[in-house]
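Student: I'd like to ask some things about the structure below.
FYI, it's all coordinate maths here, none of it is from the lab. Just so it is clear, the model here is predicted, and its values are computed rather than measured. All Cβ positions, glycine included, derive from the backbone under ideal geometry; neighbour counts span all protein chains shown.
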Amino acid sequence: MHHPPFDDVRESVTTTLTRFLETEGDALGAIAPEAADLAALLTGFLEGGKCLRPMFVHAGACAANPSLGTADANDVATLGAAVELVQAAALIHDDVLDHSPTRRGRPAIHAAATHAHEARNLAGSAEDFGIATAVILGDLALALAHQLASHAFAGADDRAHFQALCAEVMAGQYLDILNQSGAITSTKSATDSASLVTRWKTVSYTVHRPLMIGATRCDASPALLESLGAYALPAGEAFQLRDDLDGVFGDEATLGKSTSSDIREGKRTMLLSLAQERAGETDRSVLAATVGNSDADTESIERVREIMTATGARASVENLIRQREDDAREVIANELSSLTSSESCELLDLLVRKLARTDR
């Protein structure tokens, strides 16, 4: 079977979301004309998304059933669109948690709403209005995700994986803020804590659960589900590790956000944890003074990058990405190749290579 290229999957999901949000916009507008603004804001926010998670929903479905019919394909696209709404909710809230002013090269929802409040000279705090708008819009996106997905579930299994995805990403977000506060006590080291956050904030809802949603929607065998899970863990870790590197050393124009923000916000990534473990006393003092300092200047930020490079932390993370990519591709070769079609294996291989690359 010929798998639709990424652009086709994205187009199918985008079309589903556009139609759904048009209908929901009419329903909100019936409440009050102003309420329809929420659907418009959400539609605009979804523009430019990479649709990685819907691609994994599609890949899971194709692994279970390489000959998807039109009805199944439409339901898989609907589930992918629902997962994209969960992603939107997480990102909208994440930008508030991280105090990030931009997303995909545009003002984040809370920042845009703050600016709109100021431009209209409305009463009250513009910042509070912006944050409140983002919280409400993120909540709405999550509610709509459940509503949309309910039209496409085949049974209890795909529904359970979707519900788990929603719960696990919230647990991962909570672990992330605990980790930034140094409050995770169930792990033995900073690198273990970073791995724990990655497992639940990224791996689960980026790769593992989307694969499971698509695969169970199409009646995957227990053996296939187990092997897809074995593939998902290293593939998702490669994605997060690449994201950590890009957040410090990437191209801002490509990322659509600052490469200083992770350092100023004190994100306790694997990259930072390795640098802290390996740095000498003087460099540890620099890291302590700069990482998590919202007022850190450009020179200090650049010094942190130099320490991350000089300690070998940057190179180690690059090596880890290659290892995780190789681990995922090994699962494809040794397990999945005997459980699904060669074309499905090629798609999964393409996806893990995409996750591990900067230009994904």
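Student: What number, in percent, do you get for the relative contact order of segment 138-272 if the mean sequence gap of Cα pairs under 8 Å and at least 6 apart is divided by its residue count? Don't skip to the answer; put the middle values down first.
Tutor: Working: 125 pairs, mean separation 34.7, N = 135.
Dividing the mean separation by the residue count of segment 138-272 yields 26 percent.
Student: Can you give me the Kirkwood hydrodynamic radius for segment 1-220, using every pair of distinct Cα atoms, in Å to one decimal? Write down the numbers at each step before the final one.
Tutor: Details: mean 1/r = 0.0546 Å⁻¹.
With all distinct Cα pairs of segment 1-220 included, I get 18.3 Å.
Student: Separate question: Leaving out same-chain residues fewer than 8 places away, which lysines sit with a Cα under 25 Å from that of LYS188?
Tutor: Output for LYS188: LYS201, LYS267.
Student: Shifting gears a bit: Averaging sequence separations of C-alpha pairs under 8 Å and six or more residues apart, then dividing by the length of segment 1-220, give the relative contact order as a whole percent.
Tutor: Numbers: 276 pairs, mean separation 59.8, N = 220.
Averaging sequence separation for qualifying contacts and normalising by length gives 27 percent for segment 1-220.
Student: Step through the residues of segment 77-94 one at a time and calculate ³J(HN,Hα) from phi using the Karplus curve (6.51 cos²θ - 1.76 cosθ + 1.60, θ = phi - 60°), rounding each to whole Hz and writing x for Gly and Pro.
Tutor: Coupling constants for segment 77-94: 5, 5, 5, x, 5, 5, 5, 5, 5, 4, 4, 4, 4, 5, 5, 4, 6, 4 Hz.
Student: Within segment 110-183, list the GluC sites (Glu not before Pro) lying in a DSSP loop whose Cβ has at most 12 other Cβ atoms in a 10 Å radius. Don't skip to the end; give the middle numbers.
Tutor: On the way: sites: GLU118, GLU127, GLU168; in loops: none.
Sites meeting the loop and neighbour criteria: none at all.
Student: Next question. Using alpha carbon centroids, what distance separates segment 233-262 and segment 277-354, in Å?
Tutor: So the separation of the two Cα centres works out to 9 Å.
Student: If you count, for each residue, the other Cβ atoms within 10 Å and average over each peptide, how do 104-112, 342-350, 288-296 line up from highest to lowest?
Tutor: 104-112, 342-350, 288-296
Student: Once Lys and Arg get +1 and Asp and Glu get -1 on their Cβ, which of LEU79, SER189, ALA238 lies farthest toward the positive end of the dipole of the chain?
Tutor: Of the candidates, SER189 comes out farthest on the positive side.
Student: Hey, fewest Cβ within 10 Å first, where do ARG322, ARG120, ARG217 land in order?
Tutor: Values: ARG322 13, ARG120 9, ARG217 28.
Going from least to most buried by this count: ARG120, ARG322, ARG217.
Student: What does the charge dipole of the chain about its Cα centre add up to, to the nearest 20 debye, if the Cβ of each Lys and Arg holds +1 and the Cβ of each Asp and Glu holds -1?
Tutor: Numbers: 31 positive and 52 negative charges, 80 e Å.
Using Cβ point charges on Lys, Arg, Asp and Glu, the chain gives about 380 debye.
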